[in-house]
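Nothing in this text is a laboratory measurement; each read-out follows from the coordinates by a stated rule. No experiment lies behind these values; they were computed from the predicted model shown. With ideal geometry, Cβ positions are generated from the backbone for all residues, glycine too; neighbour counts draw on all protein chains shown.
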Ligand code: ZN
């Protein structure tokens with residue numbers, strides 16, 4: 001059997017520890033809900049890490065053993081150490097996949113990788129969201145119909161201050177009239193990045209089987225393709241030996 005994809009599910013794990021009503025939805029934390037679904041997949045090897053752990057659970061060793069990292073943050077963005085952000089950033093450039101979920105749009109690591117502010121509009125009114133698949137050929141949309149719905153969500157609306165996605169997989173429509181690019185792909189260096197919108201902590205979004213399937217698809221999509229031979233991606237080697245003779 002091919003080598004398993006090593007996934008680290010990261011969560012700040014703050015809301016779940018501080019609020020009883022959120023703990024009721026996610027007794028094992030949002031990371032626990034996501035990880036338990038991923039662990040059922042025979043091709044994945046899954047661990048979790050949380051912000052309160054030393055080095056936020058993202059040591060050099062853990063990151064070296066991670067093919068794809070998923071990231072959920074909200075209340076604790078400012079508390080994430082810059083040294084850890086820089087370490088994750090370097091790993092992404094070197095090929096680690098990164099799946100940024102929901103309020104992770106404001107995470108230091110996401111903003112650093114995007115180079116923009118990553119702001120958006122939001123509203124907490126428990127409204128319906130319909131996520132339209134706008135690229136059914138995309139591996140992240142595997143197994144989905146033309147759309148799927150979440151009955152009660154926090155709204156995120158455009159304009160989402162991100163660089164233009166390399167690939168767009170989902171656009172959300174909300175009951176209150178807003179729309180949002182809710183499934184966006186980029187590459188940075190050798191690494192692939194997917195931003196996926198669903199996931200507000202007061203709704204059972206990470207118990208929804210379609211949402212979990214999308215995250216699983218994204219993990220498989222974001223896995224490094226193994227190409228370490230691309231000359232010049234990490235350094236600037238001098239190409240003083242041309243491949244063909246250059247006529248003077
Ligand atoms: Zn939220």
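When each of 235, 210, 230 is tested for being in a helix (DSSP H, G or I), over 14 Å from the mean Cα position of the chain (by Cα) and more than 16 Å from the ligand (Cβ to nearest atom), the lone residue that passes is 210.
Close Cβ contacts (under 9 Å, 6 or more residues apart or on different chains) running from residues in the stretch 92-113 that are at positive phi to residues that are assigned to a strand (DSSP E or B) and more than 16 Å from the ligand (Cβ to nearest atom) comprise 95/191; 95/192.
Which numbered condition trips up residue 144, out of (1) under 30 Å from residue 24 (Cβ atoms); (2) within 16 Å of the ligand (Cβ to nearest atom); (3) part of a loop (DSSP other than H, G, I, E, B)? Result: residue 144 fails condition (2) only.
So, in the stretch 103-124, of the ones that are assigned to a strand (DSSP E or B) and within 12 Å of the ligand (Cβ to nearest atom), which residue ends up surrounded by the fewest Cβ atoms within 10 Å (Cβ to Cβ)?
The qualifying residue surrounded by the fewest Cβ atoms within 10 Å (Cβ to Cβ) is 124.
Yes/no per residue for (1) more than 16 Å from the ligand (Cβ to nearest atom); (2) surrounded by fewer than 19 Cβ atoms within 10 Å (Cβ to Cβ):
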| site | (1), (2) |
| --- | --- |
| 101 | no, no |
| 140 | yes, no |
| 179 | yes, yes |
| 191 | yes, no |
| 194 | yes, no |
| 201 | no, no |
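Restricting the stretch 147-162 to residues that are in a loop (DSSP other than H, G, I, E, B) and touching a strand residue (DSSP E or B) at 6+ places or on another chain (Cβ under 7 Å) leaves a set whose member that is nearest to the ligand (Cβ to nearest atom) is 160.
Please verify whether residue 69 is touching a strand residue (DSSP E or B) at 6+ places or on another chain (Cβ under 9 Å) and either within 14 Å of the ligand (Cβ to nearest atom) or outside any helix (DSSP H, G or I) (or both), treating the condition exactly as stated. Working first, answer last.
On the way: touching a strand residue (DSSP E or B) at 6+ places or on another chain (Cβ under 9 Å): yes; either within 14 Å of the ligand (Cβ to nearest atom) or outside any helix (DSSP H, G or I) (or both): yes.
Spelling it out, residue 69 is indeed touching a strand residue (DSSP E or B) at 6+ places or on another chain (Cβ under 9 Å) and either within 14 Å of the ligand (Cβ to nearest atom) or outside any helix (DSSP H, G or I) (or both).
Apart from one condition, residue 74 fits all of (1) closer than 21 Å to residue 220 by Cα; (2) assigned to a loop (DSSP other than H, G, I, E, B); (3) touching a residue at least 12 places away in the same chain (Cβ under 8 Å); the exception is (1). Applying a threshold of 8 Å to beta carbon distances and a minimum spacing of six or more residues, or different chains, the list of pairs starting in the stretch 155-180 at a residue that is closer than 13 Å to residue 133 by Cα and ending at one that is in a loop (DSSP other than H, G, I, E, B) and within 16 Å of the ligand (Cβ to nearest atom) reads 170/197; 172/197; 180/120; 180/160; 180/197. Can you find a residue that is within 16 Å of the ligand (Cβ to nearest atom) and part of a loop (DSSP other than H, G, I, E, B) anywhere in the stretch 85-96? Scanning the stretch 85-96 turns up no residue that is within 16 Å of the ligand (Cβ to nearest atom) and part of a loop (DSSP other than H, G, I, E, B).
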